[in-house]
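Data block below; observations after.
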Amino acid sequence: MKIILATASPTRNKCFKQLNLEYEAISTDIDENQYKNTITDHKQLATTLAKAKAESLAHVKDAIIIGCDTLNIRNNEIHSKPKSYEEAFNSIKAVSNNVETVYTGICIINTKTNTTYTDCSVMSIRFNEIKDEHIHNYLKQRIKEGKFTASCGFEPDSFFPLKHHKHFEGSTTNLLYGLPIELILPKLREFGIDV
């Protein structure tokens with residue numbers, strides 16, 4: 001059966017490739033604001049966005065579609081991807097001596113059996129103080145590498161958040177890749193995928 005990962009995220013693809021499965025990654029284009037303006041529960045919103053992404057590809061026959069969406073929450077507000085160096089700097093500065101909660105909703109649709117599974121991984125990460133100099137050095141390096149995309153200003157698969165965190169609770173793969181593999185693998189196996 002065909003497996004489709006409904007994302008263009010390089011970090012999620014990096015994680016999924018390690019499963020040694022044949023799959024196709026397809027970017028989806030949904031209007032997230034229509035959901036963000038009406039759903040206030042973060043867990044429900046992450047799961048609903050993941051489901052909308054998976055459903056946008058559910059026309060593919062005999063396939064397993066995996067949709068996911070991550071929300072970074074700080075002080076009960078959603079923090080989106082920074083659009084500038086300044087926004088990225090301020091976003092990272094804001095997690096210094098603070099807690100960020102990460103909700104990653106997943107939706108797996110088996111189009112052969114018309115089965116849908118949704119779940120949400122919740123992770124909390126407490127940061128130590130992060131010096132301005134360290135933030136500037138990190139961002140300059142990421143710009144050189146052409147990577148400047150993550151919601152909190154740093155890439156999940158970089159060493160930077162690990163270097164500055166004090167404590168975290170939740171999924172390790174969600175922390176590193178924005179993809180809670182421990183929620184996905186049991187369903188793939190249930191759908192007959194040998195992984």
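So which residues in the range 54-63 are surrounded by fewer than 24 Cβ atoms within 10 Å (Cβ to Cβ) and not β-branched (V, I, T), if there are any at all?
If the condition is that a residue be surrounded by fewer than 24 Cβ atoms within 10 Å (Cβ to Cβ) and not β-branched (V, I, T), then E55, S56, L57, A58, H59, K61, D62, A63 are the ones that fit.
Scanning the range 19-52 for residues that are in contact with a Lys or Arg (Cβ under 9 Å, 6 or more places away or on another chain) and assigned to a helix (DSSP H, G or I) yields a count of 2. Inside the range 91-106, residues that are touching a residue at least 40 places away in the same chain (Cβ under 8 Å) and out of contact with any Asp or Glu (no Cβ under 6 Å at 6 or more places or on another chain) make up a count of 9. Out of contact with any Cys (no Cβ under 6 Å at 6 or more places or on another chain), surrounded by fewer than 18 Cβ atoms within 10 Å (Cβ to Cβ) and under 29 Å from I64 (Cα atoms): which single residue out of S84, S80, S96 fits that description? Every option except S80 fails the conditions. Considering the range 52-72, and only residues there that are among the β-branched types (V, I, T) and modelled with pLDDT of 95 or more, the residue that is nearest to T101 (Cα to Cα) turns out to be I66.
Scanning the range 73-99 for residues that are under 15 Å from the mean Cα position of the chain (by Cα) and at pLDDT 90 or above turns up just one, I73.
G153 passes every criterion in (1) at pLDDT 85 or above; (2) assigned to a loop (DSSP other than H, G, I, E, B); (3) buried (at least 20 other Cβ atoms within 10 Å of the Cβ) apart from (1). Looking across the range 11-50, just one residue is aromatic (F, W, Y) and closer than 14 Å to G178 by Cα, and that is F16.
Hey, among I109, I66, which residue is surrounded by 19 or more Cβ atoms within 10 Å (Cβ to Cβ), touching a residue at least 60 places away in the same chain (Cβ under 8 Å), not in a loop (DSSP other than H, G, I, E, B) and not charged (D, E, K, R)?
Answer to the selection: I66.
The values are calculated or read from the model by the stated rules, or taken from the named source; none is laboratory data. Remember, it's a predicted structure, so these values are computed and weren't measured experimentally. All Cβ positions, even for glycine, are placed from backbone atoms using ideal geometry, and neighbour counts span all protein chains on display.
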